[in-house]
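The values are calculated or read from the model by the stated rules, or taken from the named source; none is laboratory data. Computed from a prediction, not measured in an experiment: that's the story for all the values here. Cβ atoms come from the backbone with ideal geometry, glycine included; neighbour counts cover every protein chain shown.
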Amino acid sequence: MHDFNYLIPRSYRTDFKVASRGEGIYIFDEKGTPYIDGCSGALLSNIGHGNRAVIDAMTRQLENIEFAHPSRWMCPVVLEAAEEIAAITPGDIKNVWLVSGGSEAVESAIKFSRQYFVERDGVQSSKYIVIGRWNSYHGSTLGTMAVGGSMPRRRIFSPLFKEFPKIQPHYCYRCSYGQTYPSCGVMCARELETSIKRIGPQYVAAFIAEPVVGSTVGALNPPTEYWPIIREICTRYDVLLIADEIMTGIGRTGKAFGVDNWGVVPDIICSAKAMSGGYSPVGGMFVRKPLAETLKNGSGSFTHGHTYNGNPVTAAAVSATLRFIRENNLFEKAAILGSHLGNRMEALLENPIVGEVRGIGLMRGIELVRDKKTREPFEPSMKAAQKLTQECMTRGLVVYPGTGQADGISGDQFMVAPPLVIERGEIDELVSRLDEALKATAKILLPQ
Ligand SMILES: Cc1ncc(COP(=O)(O)O)c(C=O)c1O
């Protein structure tokens, strides 16, 4: 164990490995042992580690200028990054606000939604509420926790923020309505309308959701009708639709953005993580042109800002990352290899603790259960996800675990989401290590 006399780590109880080097899909510890980065860090190292093109672009920018305050200076590299982003965003989502992380991107979207209605309808606008969903995560700042619904992450902090309403997610494996798809008629999507009507549409500014739920439920992909229904309801009630694409964006699901899988154009996309491939802290809020025009022709500025808005070194990383993705057709590759990963993971359903295999593209997840028939989760004290993660680590595989999705307390799941540069053979190796780890975990967790 390291002694943390100065640094406050993510956890004092974790025996951290030393990350000494990265190359492609591998992270090497200090002894030179390679680990498959099976979750791309936290679904951000989409172009793998040690990418020369990105390193060179960032170095060149550092040699030109490292920083010029965004209130007075514009660096061409920042305009270039915005143009690169606008080339892959859906519909008329063409205006880009650059920040340093996902939480900042979501905070920006919440504040932008409010300002948009004030600029459009006047300061008397009563629209400010952002509806979210249970079992969701949109960031760790107070504003983002108010719209997020992940109990393990928000429970102790809830007195600190103003609560916003939540609807149930499309969690078919544990449907809140006791229904089965498709006879349910996708009630969970239609609940948005009920919720807007109850609150009063004149108070509702936006609805926020992840196209595929990431860390909180483990690659939970929606029924096909879900996003088109949500889009239609938001349009009908003059409510902005915010897609949190912080995990799903930049090719993770086999398309540029998760919403592209259902041909839906939201009003705002929040992105982060893989925008810079993990080479520099980044976030972005991308809005439909008419929304940006409202501010442009109104007050003339977004009443919000950070020192690192449009950081030039980050911008260089973003442009180089997106160019690399384009030149190597990584979105298309993620779709093809994602199907292969999904098929290989389906076979893991034979394991007695694998309750469900889900996901889309190179964003896959497994829910662990004590009893496959009843779907009973493990007791939280058994730390099932943690044990599985440990078994994976000892086999040179990094996965992304999460807990609490079943009822806010119990439930274990993990995601498998390797860099988009992974090859077919490497996927086979990843799944074979995962298979071994799951077998070992089942032996530990299930009474013989
Ligand atoms: C869906 C989603 N939204 C927001 C965030 C917050 O991003 P960040 O950690 O960069 O602040 C995350 C982080 O994992 C996320 O997964």
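Entry remark, segment 302-349: residues being surrounded by fewer than 19 Cβ atoms within 10 Å (Cβ to Cβ) and β-branched (Val, Ile, Thr) number 3 in total.
Among the residues of segment 239-265, those that are within 15 Å of the ligand (Cβ to nearest atom), assigned to a loop (DSSP other than H, G, I, E, B), touching a residue at least 40 places away in the same chain (Cβ under 8 Å) and touching a Pro at 6+ places or on another chain (Cβ under 8 Å) comprise Thr248, Thr253, Phe257. Filtered by the rule that a residue be surrounded by fewer than 22 Cβ atoms within 10 Å (Cβ to Cβ) and part of a loop (DSSP other than H, G, I, E, B), segment 350-391 gives Asn351, Pro352, Arg370, Lys372, Lys373, Thr374, Arg375, Glu379, Lys383. Number of residues in segment 150-174 that are of a type in the set (Val, Ile, Thr) and assigned to a strand (DSSP E or B): the value is 1. Against the list (1) at pLDDT below 95; (2) within 13 Å of the ligand (Cβ to nearest atom), the condition Leu142 fails is (1).
For Gly50, the test of being at positive phi, surrounded by fewer than 14 Cβ atoms within 10 Å (Cβ to Cβ) and not hydrophobic (A, V, I, L, M, F, W, C) is passed.
Table: residues versus (1) farther than 25 Å from Ser271 by Cβ; (2) free of Cβ contacts under 8 Å to residues at least 40 places away in the same chain.
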| residue | (1), (2) |
| --- | --- |
| Val99 | no, no |
| Ala105 | no, no |
| Gln124 | yes, yes |
| Tyr128 | no, no |
| Met145 | no, yes |
| Tyr181 | yes, no |
| Met187 | yes, yes |
| Glu193 | yes, no |
| Ile199 | yes, no |
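Can you tell me how many residues in segment 133-144 are more than 13 Å from Gly404 (Cβ to Cβ) and either surrounded by fewer than 23 Cβ atoms within 10 Å (Cβ to Cβ) or charged (D, E, K, R) (or both)? The number of residues fulfilling the criteria is 5. Mind listing just one residue for me: the one in segment 254-285 that is over 11 Å from the mean Cα position of the chain (by Cα) and among the hydroxyl-bearing types (Ser, Thr, Tyr) and, of those, nearest to Ser100 (Cα to Cα)? Filtering segment 254-285 for residues that are over 11 Å from the mean Cα position of the chain (by Cα) and among the hydroxyl-bearing types (Ser, Thr, Tyr), the one nearest to Ser100 (Cα to Cα) comes out as Ser280.
When the criteria are applied in full, Glu119 fails the requirement of being assigned to a loop (DSSP other than H, G, I, E, B) and away from the ligand (no atom under 13 Å from the Cβ). Touching a helix residue (DSSP H, G or I) at 6+ places or on another chain (Cβ under 6 Å) and closer than 25 Å to Ala19 by Cα - does that describe any residue in segment 373-383? Taking every residue of segment 373-383 in turn, none turns out to be touching a helix residue (DSSP H, G or I) at 6+ places or on another chain (Cβ under 6 Å) and closer than 25 Å to Ala19 by Cα. Restricting the first member to segment 315-334 and to residues that are closer than 30 Å to Pro70 by Cα, and the second to residues that are at pLDDT 95 or above and polar (S, T, N, Q), the beta-carbon pairs closer than 6 Å and six or more apart or on different chains are Ala316/Gln61; Ala317/Ser276; Ala317/Ser280; Val318/Ser276; Thr321/Ser276.
Every residue, every condition in (1) in a loop (DSSP other than H, G, I, E, B); (2) away from the ligand (no atom under 16 Å from the Cβ), yes or no:
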site	(1), (2)
Val96	no, yes
Ala109	no, no
Gly132	no, no
Ser136	yes, no
Ser176	yes, yes
Tyr181	yes, yes
Gly185	yes, yes
Lys197	no, yes
Phe207	no, no
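Among the residues making up segment 280-301, those that are surrounded by fewer than 24 Cβ atoms within 10 Å (Cβ to Cβ), more than 11 Å from the ligand (Cβ to nearest atom) and in contact (Cβ under 8 Å) with a residue 12 or more places away in the chain are Ser280, Arg288, Lys289, Pro290, Leu291, Ala292, Thr294, Leu295, Gly298, Ser299. Only one entry of Gly50, Gly38 meets the criterion of being more than 16 Å from the ligand (Cβ to nearest atom) and in contact with a Leu (Cβ under 7 Å, 6 or more places away or on another chain), and that entry is Gly38. Tell me whether segment 323-341 contains one or more residues that are within 18 Å of the chain's Cα centre (by Cα) and within 16 Å of the ligand (Cβ to nearest atom). There is no residue in segment 323-341 that is within 18 Å of the chain's Cα centre (by Cα) and within 16 Å of the ligand (Cβ to nearest atom). Leu160 falls short of the stated requirement of being modelled with pLDDT of 95 or more, closer than 19 Å to Val213 by Cα, of a type in the set (A, V, I, L, M) and away from the ligand (no atom under 16 Å from the Cβ).
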